1. Give me the net charge for the shell around residue 214: Cβ to Cβ below 15 angstrom, other residues only, Lys and Arg +1, Asp and Glu -1.
2. Longest span of the chain, sites excluded, free of GluC sites (Glu not before Pro) in DSSP loop with at most 12 other C-beta atoms within 10 Å?
3. Can you list which of the trypsin sites (Lys or Arg not before Pro) found in region 117-205 are DSSP loop residues with at most 15 other C-beta atoms within 10 Å?
4. Among 154, 184, which comes first, second and so on when ranked by fewest other beta-carbon atoms within 10 Å?
5. Using Cβ counts within 10 Å as a stand-in for footprinting exposure, how do 104, 24, 149 rank, fewest first?
6. Near residue 155, within a Cβ-to-Cβ distance under 13 Å, what is the net charge of the other residues, with Lys and Arg +1 and Asp and Glu -1?
7. Test of understanding: ordering 63, 1, 48 by Cβ neighbours within 10 Å, fewest first, what list do you get?
8. List the DSSP H helices in the chain whose Cα atoms stretch 24 Å or more along the helix axis and whose mean Kyte-Doolittle hydropathy is at least -1.0.
Amino acid sequence: MNLTLFKVLTTKLKQNTLAGEVAHSVMAPPYRVENIKSSLITGTKPKMASVLLLLYPNKFGEMNFVLTRRREYYGMHSGQISFPGGKPDLLDNDLWATALRETHEEIGIPSDEVKYIRSLSKLYVPSSNFLIFPYVGYLQSPYTFKPDHREVDSILEISLMDFINKESVLTKLLNSNSTSIVVSAYIFDKNVVWGATAMILSEFKMLFSAVLAK
């Protein structure tokens, strides 16, 4: 899909109803299926974070989106694949500004070059007590990413239509407690995307597929 057609579809992307918990449940790990409801955060004080699903035309003119692989460190999300994003700071006007700033810091995208499309459904992550606010935006030209290697080990550039046509798979992996679990995941050239990132992608896939079907 090229940029021209994608921009035509953005109007419908903005208007269509989100699938929310239904979409999240498709890719939720087995221990998350019963606790994805937003009502479960009642009585807690979750930490806020926002992420950006950033689409852009590659050098051949076809639309891609970007994911990052975190650096290895001693922590829950070490080495995992995720969207650019993070926690707000005092100078951010809102969580969209947070997503833009974090994207600039992590992969070098100037904030003023990102065109806003919409937000997706918020997602609570009990294991880290984060409430994630995902946003969708796009660039109008190809870009050479400049990862901050203090945070980002590598960058994955994913074809939009390859993803839309891709089926999820069940795969076995080790969670943060070194326990073997079977989860639903998307596999991109041997890169396993699961957990919150896959749940957010699931909602975007449902949204975009519905637009294409009209």
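Every number in this text was worked out from the coordinates using simple rules, so none of it is lab data. Computed from a predicted model, the values in this text were never measured in an experiment. Cβ sites come from the backbone with ideal geometry, for glycine too, and all protein chains shown count toward neighbours.
1. Overall, the nearby charge balance is +2.
2. 73-166
3. 150, 166, 190
4. Ordered from fewest to most neighbouring Cβ atoms within 10 Å, 154, 184 come out as 154, 184.
5. 149, 104, 24
6. -2
7. Fewest to most other Cβ atoms nearby, the residues stand as 48, 1, 63.
8. Within the chain the helices that satisfy the rule are 195-213.
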